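Enquirer: Input: one structure, supplied below.
The values are calculated or read from the model by the stated rules, or taken from the named source; none is laboratory data. On a predicted model such as this, the values are computed, not experimentally measured, just so you know. Here the Cβ positions follow ideal geometry from the backbone for every residue, glycine too, while neighbour counts run over all protein chains shown. What goes into the accessible areas is simple: the full protein's heavy atoms, side chains included, and nothing from ligands, DNA or RNA. Shrake-Rupley method; radii C 1.70, N 1.55, O 1.52, S 1.80 Å.
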Amino acid sequence: MSLEEPQTQRKLDRAERIGRSRARAWALQIHYKWESQDLGDSLRDALVDTTATRRIAPSRLPYIREILSLLDEHMDEIDETLRRYLDNWSLDRLSRIDRAVLRIGAIELLYRDDIPPKVAIQEAIHLAEAYGGDDSPRFVNGVLDALYKARANGA
């Protein structure tokens, strides 16, 4: 038996969990800036613009890059998937913050096997609480939970 656990099983220590949470918050801010200011074709362009004027802890940059890269690569798929779980809403009607939080949560649910789904949803809810409106946490929870349950049931 190997002493080393596979990446999908490894638990993060407290500092790593905090670092990831803060990296998600940076990814959210960069996404918001990108969508608000039309900062080029990719979120990576927005990251370059942001790091030119803001100091981001170097330890957080790899995860920020990972999230933004996955978003750049899979934005159309993510948006199409989210549309299926937005009851009586369109993605374009959502606030920029709620849309970004949902996209980040969906990226973690769909493309990050090393992140337990409930952690991805809870982290998205925390972002919605910190940056969204009064109804954002409940809304984000409902959409991402529906996505998670559908995926768990093979949909």
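Enquirer: Is it the case, given these coordinates, that S42 is more than 27 Å from D135 (Cβ to Cβ), at pLDDT below 90 and under 16 Å from the mean Cα position of the chain (by Cα)? Steps first, please.
Expert: Numbers: more than 27 Å from D135 (Cβ to Cβ): yes; at pLDDT below 90: yes; under 16 Å from the mean Cα position of the chain (by Cα): yes.
Answer is yes for this residue.
Enquirer: In the range 99-115, what residues are touching a helix residue (DSSP H, G or I) at 6+ places or on another chain (Cβ under 9 Å), open to solvent by 20 Å² or more (accessible area, probe 1.4 Å) and not basic (K, R)?
Expert: Matches in the range 99-115: L109, L110, Y111.
Enquirer: Now, a different point. Do any helices (runs of 4 or more DSSP H) entirely within the range 63-155 hold 1 or more residues that are of a type in the set (D, E, K, R), under 24 Å from A46 (Cβ atoms) and touching an Asp or Glu at 6+ places or on another chain (Cβ under 8 Å), and if so, which?
Expert: Numbers: elements: 96-111, 117-131, 136-152.
Where helices (runs of 4 or more DSSP H) fall fully within the range 63-155 and carry at least 1 residues being of a type in the set (D, E, K, R), under 24 Å from A46 (Cβ atoms) and touching an Asp or Glu at 6+ places or on another chain (Cβ under 8 Å), they are 96-111, 117-131.
Enquirer: Also: Please pick out the residue among A146, A57, A150 that is of a type outside the set (V, I, T), open to solvent by less than 70 Å² (accessible area, probe 1.4 Å) and within 17 Å of A23 (Cβ to Cβ).
Expert: Details: A146 fails: within 17 Å of A23 (Cβ to Cβ); A150 fails: within 17 Å of A23 (Cβ to Cβ).
Of A146, A57, A150, the one residue that is of a type outside the set (V, I, T), open to solvent by less than 70 Å² (accessible area, probe 1.4 Å) and within 17 Å of A23 (Cβ to Cβ) is A57.
Enquirer: Going by what's in this entry, would A46 be described as loosely packed, with under 14 Cβ neighbours inside 10 Å, of a type in the set (A, V, I, L, M, F, W, C) and more than 23 Å from D145 (Cα to Cα)? So that I can check it myself, show each step before the final result.
Expert: Details: loosely packed, with under 14 Cβ neighbours inside 10 Å: no; of a type in the set (A, V, I, L, M, F, W, C): yes; more than 23 Å from D145 (Cα to Cα): yes.
Judged against the criteria, A46 is not a match.
Enquirer: Something else: Return the residue satisfying two criteria in turn: it lies in the range 126-143 and is open to solvent by less than 20 Å² (accessible area, probe 1.4 Å) and hydrophobic (A, V, I, L, M, F, W, C), and of such residues it is nearest to Q29 (Cα to Cα). I'd like the intermediate steps shown before the answer.
Expert: If we filter the range 126-143 for residues that are open to solvent by less than 20 Å² (accessible area, probe 1.4 Å), which is where we start, we get 127-128, 136, 140, 143.
From what is left, the residues that are hydrophobic (A, V, I, L, M, F, W, C) are 127-128, 140, 143.
Values: L127: 10, A128: 12, V140: 17, V143: 21 Å.
Among them, the one singled out is L127.
Enquirer: Restricting the first residue to the range 119-131 and requiring it to be aromatic (F, W, Y), which pairs with a second residue that is part of a helix (DSSP H, G or I) and open to solvent by less than 40 Å² (accessible area, probe 1.4 Å) meet a Cβ separation below 7 Å and a spacing of at least six or different chains?
Expert: Listed by first residue and then by second, the contacts come to Y131/L28; Y131/I97.
Enquirer: Under 8 Å by Cβ, and 6 or more places apart or on different chains, what pairs join a residue from the range 23-48 that is polar (S, T, N, Q) with one that is open to solvent by 50 Å² or more (accessible area, probe 1.4 Å)?
Expert: S36/R96
Enquirer: Here are some conditions: (1) more than 14 Å from the chain's Cα centre (by Cα); (2) within 19 Å of G142 (Cα to Cα); (3) open to solvent by less than 40 Å² (accessible area, probe 1.4 Å). D87 meets all but one. Which one does it not meet?
Expert: Here D87 clears every test but (3).
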